[in-house]
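A.B. asks: One structure follows; several queries about it will come next.
The values are calculated or read from the model by the stated rules, or taken from the named source; none is laboratory data. Given the structure is predicted, the values throughout are model-derived calculations rather than measurements. Positions of Cβ are backbone-derived with ideal geometry, glycine not excepted, and every protein chain shown enters the neighbour counts. Note: accessible area is taken over every heavy atom of the protein model, side chains too, but ligands, DNA and RNA are not part of it. Shrake-Rupley method; radii C 1.70, N 1.55, O 1.52, S 1.80 Å.
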Amino acid sequence: MVNHLIFDSSIGAQKPNSLHNKDAKCPFCDREALTDLLDTDGPIIWLKNKYPTLEDTFQTVIIETDQCQSELSEYNKNHLYRVISFGLKHWKAMIESKKYKSVIFFKNHGPYSGGSLRHPHMQIVGLKNINYLDMVKKEQFIGMPIAKKNGVEFNISKFPRVGFFEFNVLMDNEKEVTTFADFIQIAAHYTLNHFYKSCNSYNLFFYELDEKIAVKIVPRFSTSPLFVGYSIPQVSNRIEHVVEKIKDIYF
């Protein structure tokens, strides 16, 4: 089973990095210079990745906004729904094209997220030789419930992929994308504002799970050595406390 991507280090060395170098020019702010556009919706732009570091893939980027210092947790509701709907539409279209073994859809935010640019963006990547679902287990989305509305479930994972806290949002019907987006935004806002004081990073990872669309919101810190060395995840004994705190703040 193929489960490794080849990273082109020569291309990687050329990538701008505004997360760790505040003097670096943000390429997403120079909108007139952007090339290889695939679709737009007002300030939202989908385009080919200028730095395709991964071999045997088709890498694309969604620039979420023209506000470089904004963030998904701060978007007004109309823009939030617009961004999430736009991303889901193009992710699904790439899946349905049948050109790829699988298609991944994710977002990096912050210095521990694995990203390089501060400007809010997401990525959709077609994988020619890898099915990401081979590395996904359904129990990783079973969690202690926070809220459920309109067929959309929001929980904290009892069996996280990495640990210690992972928020899951699962949607049965894509007509309920507004509730889906609301729960994603709550998880991102909680992570950056009410979690640990030092938490400034998270990832969003989207998944097709049978008839559901799921997303994991993962607060990011230095990765546990137990996971790095042995792929052993850990789960906190405080998830009940976090569930109650989120309910108190947002519901």
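A.B. asks: Within region 189-202, which residues are in contact with a helix residue (DSSP H, G or I) (Cβ under 6 Å, 6 or more places away or on another chain) and either surrounded by 22 or more Cβ atoms within 10 Å (Cβ to Cβ) or of a type in the set (Ser, Thr, Tyr) (or both)?
C.D. replies: TYR190, TYR202
Residue-wise test of (1) of a type in the set (A, V, I, L, M); (2) open to solvent by less than 20 Å² (accessible area, probe 1.4 Å); (3) free of Cβ contacts under 8 Å to residues at least 40 places away in the same chain.
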position: PHE86; (1), (2), (3): no, yes, no
position: ALA93; (1), (2), (3): yes, no, yes
position: LYS98; (1), (2), (3): no, no, yes
position: SER116; (1), (2), (3): no, no, no
position: HIS119; (1), (2), (3): no, yes, no
position: GLN123; (1), (2), (3): no, no, no
position: ASN129; (1), (2), (3): no, no, no
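A.B. asks: I'd like the residue in region 210-232 that is open to solvent by 20 Å² or more (accessible area, probe 1.4 Å) and touching a strand residue (DSSP E or B) at 6+ places or on another chain (Cβ under 9 Å) and, out of all such residues, is farthest from GLU166 (Cα to Cα).
C.D. replies: Among those that are open to solvent by 20 Å² or more (accessible area, probe 1.4 Å) and touching a strand residue (DSSP E or B) at 6+ places or on another chain (Cβ under 9 Å), it is LYS212.
A.B. asks: Still on this structure, please answer the following. Might you check whether a residue that is touching a strand residue (DSSP E or B) at 6+ places or on another chain (Cβ under 9 Å), in a loop (DSSP other than H, G, I, E, B) and either buried (at least 17 other Cβ atoms within 10 Å of the Cβ) or basic (Lys, Arg) (or both) occurs anywhere in region 7-15?
C.D. replies: Among the residues of region 7-15, not one is touching a strand residue (DSSP E or B) at 6+ places or on another chain (Cβ under 9 Å), in a loop (DSSP other than H, G, I, E, B) and either buried (at least 17 other Cβ atoms within 10 Å of the Cβ) or basic (Lys, Arg) (or both), which makes the answer no.
A.B. asks: Here is a further query. Can we say GLY110 is modelled with pLDDT under 95 and open to solvent by 60 Å² or more (accessible area, probe 1.4 Å)?
C.D. replies: no
A.B. asks: Being surrounded by 18 or more Cβ atoms within 10 Å (Cβ to Cβ), over 19 Å from ILE239 (Cβ atoms), among the charged types (D, E, K, R) and touching a residue at least 12 places away in the same chain (Cβ under 8 Å), is that true of even one residue in region 143-163?
C.D. replies: no
A.B. asks: Quick test of your reading of the structure: ASN173 fulfils all but one of (1) out of contact with any His (no Cβ under 9 Å at 6 or more places or on another chain); (2) open to solvent by less than 60 Å² (accessible area, probe 1.4 Å). Name the failing condition by number.
C.D. replies: (2)
A.B. asks: Can I ask one more? May I ask you to say which residue of ASP23, ASP66, ASP56 is open to solvent by 50 Å² or more (accessible area, probe 1.4 Å), touching a residue at least 60 places away in the same chain (Cβ under 8 Å) and of a type in the set (Asp, Glu)?
C.D. replies: On the way: ASP23 fails: touching a residue at least 60 places away in the same chain (Cβ under 8 Å); ASP66 fails: touching a residue at least 60 places away in the same chain (Cβ under 8 Å).
Just a single option satisfies the conditions, and that option is ASP56.
A.B. asks: Right, something else. How many residues are in a loop (DSSP other than H, G, I, E, B), acidic (Asp, Glu) and modelled with pLDDT under 95 if we restrict to region 124-175? Spell out the reasoning first.
C.D. replies: Pass one, region 124-175, residues in a loop (DSSP other than H, G, I, E, B): 128-131, 136-137, 142, 150-151, 158-166, 172-173.
Now narrow it down to the ones that are acidic (Asp, Glu): 166, 172.
Pick out the ones that are also modelled with pLDDT under 95 and you get 172.
Of the residues in region 124-175, 1 are in a loop (DSSP other than H, G, I, E, B), acidic (Asp, Glu) and modelled with pLDDT under 95.
A.B. asks: Being surrounded by fewer than 22 Cβ atoms within 10 Å (Cβ to Cβ) and closer than 25 Å to PRO111 by Cβ is the requirement here; does ILE186 meet it?
C.D. replies: Details: surrounded by fewer than 22 Cβ atoms within 10 Å (Cβ to Cβ): yes; closer than 25 Å to PRO111 by Cβ: yes.
Against the criterion (surrounded by fewer than 22 Cβ atoms within 10 Å (Cβ to Cβ) and closer than 25 Å to PRO111 by Cβ), ILE186 qualifies.
A.B. asks: Next question. In this structure, is THR178 within 14 Å of the chain's Cα centre (by Cα) and in a helix (DSSP H, G or I)? Please lay out each step first, then the result.
C.D. replies: Values: within 14 Å of the chain's Cα centre (by Cα): no; in a helix (DSSP H, G or I): yes.
It is false that THR178 is within 14 Å of the chain's Cα centre (by Cα) and in a helix (DSSP H, G or I).
A.B. asks: Would region 16-35 turn up any residue that is of a type in the set (Val, Ile, Thr) and under 19 Å from the mean Cα position of the chain (by Cα)?
C.D. replies: Applying the first criterion (of a type in the set (Val, Ile, Thr)) to region 16-35 yields 35.
Remaining after also requiring under 19 Å from the mean Cα position of the chain (by Cα): none.
For region 16-35, residues of a type in the set (Val, Ile, Thr) and under 19 Å from the mean Cα position of the chain (by Cα): absent.
A.B. asks: Which of the residues belonging to region 204-228 are closer than 18 Å to PRO111 by Cα and in a strand (DSSP E or B)?
C.D. replies: LEU204, PHE205, ILE217, VAL218, PRO219
A.B. asks: Given (1) of a type outside the set (D, E, K, R); (2) closer than 30 Å to ASN173 by Cβ; (3) buried (at least 18 other Cβ atoms within 10 Å of the Cβ), identify the lone condition not met by GLY42.
C.D. replies: Failing condition for GLY42: (3).
Residues checked against (1) surrounded by fewer than 19 Cβ atoms within 10 Å (Cβ to Cβ); (2) under 25 Å from LYS128 (Cβ atoms); (3) of a type outside the set (Ser, Thr, Tyr):
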{"residue": "ALA33", "(1), (2), (3)": "yes, no, yes"}
{"residue": "ILE62", "(1), (2), (3)": "no, yes, yes"}
{"residue": "GLU71", "(1), (2), (3)": "yes, no, yes"}
{"residue": "LYS89", "(1), (2), (3)": "yes, yes, yes"}
